[in-house]
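Reviewing the structure listed below.
Here, each number is a calculation from the coordinates, and none is a lab measurement. Keep in mind that what you see is a predicted model, and the values were worked out from it rather than measured. Heads up, the Cβs are rebuilt from the backbone with ideal geometry, glycines too, and the neighbour counts pull from every protein chain shown.
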Amino acid sequence: MRSDADTTTSEGIGISPRTRLRLSIGRRPRDLLNLALVGGLLALSVLLVLVPPNLVELAVYQQLGRIPAASDPLWVALTWLGSWAGIAAVTAVALYAGWIRVALLCATSGALTWGIAQILHQLVGVRPVPPPFAGPVEGVPFPADSVAVVAVLVVVVAPYLGGAARYVGWALVVLVGVAEVHLGGFLPLGVVGGALLGWGVGALCHVVWGAPGRRISHEVVRGELEMAGLAPTSIVALRHRLLEPREFAVQTADGGLRVKVVRRLSRRGGYWYKLKRLLAAQEVQDEPRLSTPHHEVEHEAYVTLLAERVGVRTPEVVLACDVKHAPALLVVREIPGRRLPELAPDEIGDDLLAAIWEQVAALGAARIAHHDLRAKNFLVDSDGRPWLLSFTFGHAGADPGRCARDLAEALVSLATVVGTDRAVDSAIRALPRDQLQVALRNLVPLALPRRIRAQAERGRFLLVDLRETLADRLECPIPGFRSPVRPVTVVGLLLVGAAVYLLLPELASMREVLTALRHADWTWLVVATATGFAAIVFSSISVQGSSRIPLPFWSTLAVQVAAAFTGRTTPGGAGFFGINVVFLERLGLRRSLAVGVTLLNQAGTGAVAFVVAVVGVFGVGLTRTFGNLTIPTGWQVVVGLIAAVVVIAAVVASPFGRRRLVRPAVEVGRELLETLRHPVRALQLFGGAFGYLVVSGVGLGASLAAVHPQVPWVAVTIVFIVGNTLGHLVPSPGGLGAVEAALLAGLGAIGIPATAAVTAVLTSRLLTYWLPVLPGIAMFRYLQHRGVI
């Protein structure tokens, strides 16, 4: 392996850094995203200019103005960097260094930025500074042209200098902004607008003229290989996807090579991926971080060499290097053969499958996790031997959990090629039973990355079939449900709950709320507490009605008590689905049927809530109970409704909408209609859902009766059903914050005083919704111990 700082040797092999820089100039999609982002932020800042300066902005302006006047010469000198003198100086330095392109870009972009800033000065006008704060009488302009000029010069020049130049440049932008505010020329928002303007013009320059390090050419690859003494005779660029590494096929006198160009970090997981792993039922660790693409290349080479040392067949690493003004390169020997997806199922014999599992087992024995065992990363040579490719996500020193995830990935990949039965049977013949049992726990969508699940057209159903088949072959139960609640989730839930319970009383008066609680009727509070547990009984009856096979009442009730813990402390009620699906699987239902039961239960509850809400709102409205309710009107509302309908129609009509919304909705609708043909099941499903909603609404009414003498019970129940349904659309645990706000709005609409409404809502949510979580924890542990979930 080699890391180059200079690719020109004494014999003249390779190409000069200046030539390499010129060859690497190109464009990338991220520049367009940056341009769109900056444009939106700049437009927002222009809108903010139209309103008077806020106190925070004025306070910053005042504090920076108090910097000792002795330092003014330094601040004035800094502002010169953003003037025509600064543009001319940077252009002159670039010309002196022989960078004609950089000089032209600096002169053009600097002049363009200054011109746009002057146009904005005329269009936006000046911002007045209120009298208590010292400022120019005529006001200050927007944006700060000097900051914009310095920012655009930094954005344009930084890719050519590399290293710490970008950070030094942006530090200079900040100093120039401080100088302008200190000298009283601009307000802080004007400085921010100037920085955005400069950044936007710089991104536009990259889009139009390109920037270094955005692409790599045949000449650069040839020069690097010649420096390593490989003497390439031909270089062919292979097809690649936009966000994946680019590859070149190279022929040399000693054989073929495969060159991988790493332009961006592949091991970096987004926030959504991390959130899913946090909610997964398995304890899956995050991938170790890498700093640069060169670091990623070196790491892949290192893990590949370790795998090769323990006997895993993988292409030999020839070169790993960092190329100045170009992406990092990884060069390996080319192995003639075909990728596994290119083979027909009848070409993949049992011997080949056994050899593949032998390679995967060798990795696990050496504590090396591949973490990207897609079918395309298995190569079959002319002798029918499998090779493992691409250790980009590899991890040395892996724990058993990581190695078990490798087995799960390999099972999914082989099942997409040869089918579930053959993949499972070959794994059972080749691997120990205990390893497969651990791998079985990882065959869930949340524990596997999207690149693995995306191999199958219907990845979720493949995983379901794979789990059930493997569990049947091993004669072991499907793994039990493990709590998706993590300490971080609990801490966040407590913080959000504390904020809600502290801020909502501010709508009335904290003192009045506490006084109302002290004088509350404890009999009604006991009734409210009882309704919270009675609602769980009706919920279990509704679940029984959702299943085609009879469910034991007491076990179902116990699971719903435990679901009060798992479902109410996870976003979107994910824990409710998980615990019920596992419970039904333990009773003998296949996973697809178990998922269908939970979806049918939620659909039935939603349908009952919708009907009750519509009928109740219109019925109560006829009695003029909603006297304080006002409905906004006007052309703005009509336009908004039309726009919402158009967007919803477009989403539903799209392939995504038909696949993810229309098709599941039609299937669930058919199930609901099928349930109506069975009177007992229909009574359990819809009657249980209705009882759950009504009893929960009575709980809100009881909490209100404890602090308010007159309670319109029907109206309060309708308010609860509507508010609870709308509030749980927000993906927060238990709809925390959203449900409280919806209930407060509903109680206010029926004329309940603010103090009584706030007290009743907070008390009801605490006694009827969050208090059952405590016995739910104990029941959850009990059911786990008994093997029910």
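Listed values, structure above:
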read-out	value
Simple label model, 7 Å out from Cα along Cβ direction - H218 to A362, nm	3.6
Label-to-label distance, nm, for residues given as L683 and R166 (7 Å Cα→Cβ offset)	6.9
Gyration tensor (Cα) of the stretch 142-230, equivalent ellipsoid semi-axes in angstrom	37, 13, 6
Unit charges at the beta carbon, dipole of the stretch 337-474: most positive-side option, A354, V464, V444	V444
Computed E for V126/E244 - FRET, C-beta separation, R0 35 angstrom, nearest 0.05	0.10
Linear extension gain, V207 paired with V76, 0.36 nm per residue minus alpha-carbon span	43.8 nm
Mean separation of Cα contacts under 8 Å, 6 or more apart, over the residue count of the stretch 337-474: relative contact order %	25
Shape category assigned to the stretch 41-111 from the gyration tensor of Cα positions, a/c cut at 1.5	oblate
Neighbour cut-off at most 12 other Cβ (10 Å), DSSP loop, trypsin sites (Lys or Arg not before Pro), the stretch 153-260	R239, R241
